[in-house]
Amino acid sequence: MARSKSSDPTAPGGDAGRTPKDGGRSSGATATGSGKAGRTGKAPKLDKNGQPKVGRLKKMRSQGSMIKQAYGLTRRNDPKLPWIMLIWFVAAAAVVELIGILLGAPFLFIPLALLFGALAALIVFGRRAQRSAYTQVEGQPGAAAWVLEGMRGDWRVTSGVAGTPQLDAVHRVLGRPGIVLVGEGSPGRVRGLIAQEKKKIARVVGDTPIYDVTIGDAEGQVPLKKLSTHVMKLPRNLSAAEVNALGRRMSALGGPRMPVPGGPLPGGRQMSVSQRQVRRR
């Protein structure tokens, strides 16, 4: 007797109801493959600070833009800058070329003359940019903090650890010499602020040397333009490991306790560019 076909449309027909021979491996492999495809993007390389590395070309463009910005700002305040740079370029190149002529190889010394001329012009630019920057910030609130934050090396600056409503301020610097307290403002008020901060810090740092500096032009004070040089010339009393350990202990003191202007000049972003250029000179 012939069997009748099922009339139920929902019933699986042919191979639809059969179990795959590979036990579903093919679908699993497909899912795995799609997962691998989603992970093809490589993670960006990180530098020692955990930040994504920047390509050399992009870094050179950024530095070129910063130098151009710093040059424009300095030229605005020092109109003679281009001519002075040109004079130094020609003078340095001429001296090197003269040496080449005396040695009987003038053409070989041309690239070297151009290189020394450019180096001389760059050094002059750095010094005049620094002088222009100090002239603009001198006497303004936050000027000492701006100078301290531009120092080269491992200096941990905390701005405005103490202050008064008259915008007198004390800034704390941690480095290889120990602790440096820098006060700016009225000398009478600043001395009291520094004395209070010294007592507070001494409870935490123990025998670590604590230096104090007051900004000004009077006897016993340090001019703003010489502040970074004065601090960097202090004797090295601590090792790098001791500085790190001291930094962890000093974290209990907290951060700034008074607002310090982010930039002592109007247009602080431009000033920060000039600061970075000066720091490299």
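Could we say that residue 174 is out of contact with any Asp or Glu (no Cβ under 7 Å at 6 or more places or on another chain), of a type in the set (A, V, I, L, M, F, W, C) and closer than 26 Å to residue 134 by Cα here?
Details: out of contact with any Asp or Glu (no Cβ under 7 Å at 6 or more places or on another chain): yes; of a type in the set (A, V, I, L, M, F, W, C): yes; closer than 26 Å to residue 134 by Cα: yes.
Taking the combined requirement at face value, the residue satisfies it.
Of the residues 84, 67, 99, which single one is assigned to a helix (DSSP H, G or I), surrounded by 12 or more Cβ atoms within 10 Å (Cβ to Cβ) and modelled with pLDDT under 90? First the steps, then the outcome.
On the way: 84 fails: modelled with pLDDT under 90; 99 fails: modelled with pLDDT under 90.
Step by step, each of 84, 67, 99 is checked, and only 67 is assigned to a helix (DSSP H, G or I), surrounded by 12 or more Cβ atoms within 10 Å (Cβ to Cβ) and modelled with pLDDT under 90.
Among the listed residues 188, 247, 178, identify the single one that is touching a Leu at 6+ places or on another chain (Cβ under 8 Å) and either at pLDDT below 90 or loosely packed, with under 13 Cβ neighbours inside 10 Å (or both).
Only one candidate passes the filter, namely 247.
Quick one: count up the residues across region 201-210 that are out of contact with any Gly (no Cβ under 8 Å at 6 or more places or on another chain) and surrounded by 14 or more Cβ atoms within 10 Å (Cβ to Cβ).
First, pick out the residues of region 201-210 that are out of contact with any Gly (no Cβ under 8 Å at 6 or more places or on another chain): 201-204, 206-207.
Now drop any that are not surrounded by 14 or more Cβ atoms within 10 Å (Cβ to Cβ), which leaves 201, 204.
The total comes to 2.
Could you please give the count of residues in region 182-214 that are touching a residue at least 24 places away in the same chain (Cβ under 8 Å), over 26 Å from the mean Cα position of the chain (by Cα) and not in a loop (DSSP other than H, G, I, E, B)?
Matching residues across region 182-214 total 11.
On the basis of being assigned by TED's automatic domain parsing to the domain that holds residue 186 and part of a loop (DSSP other than H, G, I, E, B), does residue 153 make the cut? Give the derivation first.
Values: assigned by TED's automatic domain parsing to the domain that holds residue 186: yes; part of a loop (DSSP other than H, G, I, E, B): yes.
Yes; evaluated as a whole, the condition is true for this residue.
Mind checking whether some residue in region 211-224 is at pLDDT below 90, within 30 Å of residue 68 (Cα to Cα) and buried (at least 16 other Cβ atoms within 10 Å of the Cβ)?
yes
Can residue 163 be described as assigned by TED's automatic domain parsing to the domain that holds residue 250, without any contact (Cβ under 8 Å) to a residue 12 or more places away in the chain and either out of contact with any helix residue (DSSP H, G or I) (no Cβ under 6 Å at 6 or more places or on another chain) or β-branched (Val, Ile, Thr) (or both)?
Details: assigned by TED's automatic domain parsing to the domain that holds residue 250: yes; without any contact (Cβ under 8 Å) to a residue 12 or more places away in the chain: no; either out of contact with any helix residue (DSSP H, G or I) (no Cβ under 6 Å at 6 or more places or on another chain) or β-branched (Val, Ile, Thr) (or both): yes.
No: the conditions fail for residue 163.
The values are calculated or read from the model by the stated rules, or taken from the named source; none is laboratory data. These figures come from a predicted structure and were not determined experimentally. We place every Cβ from the backbone using ideal geometry, glycine too, and count neighbours over all the protein chains shown.
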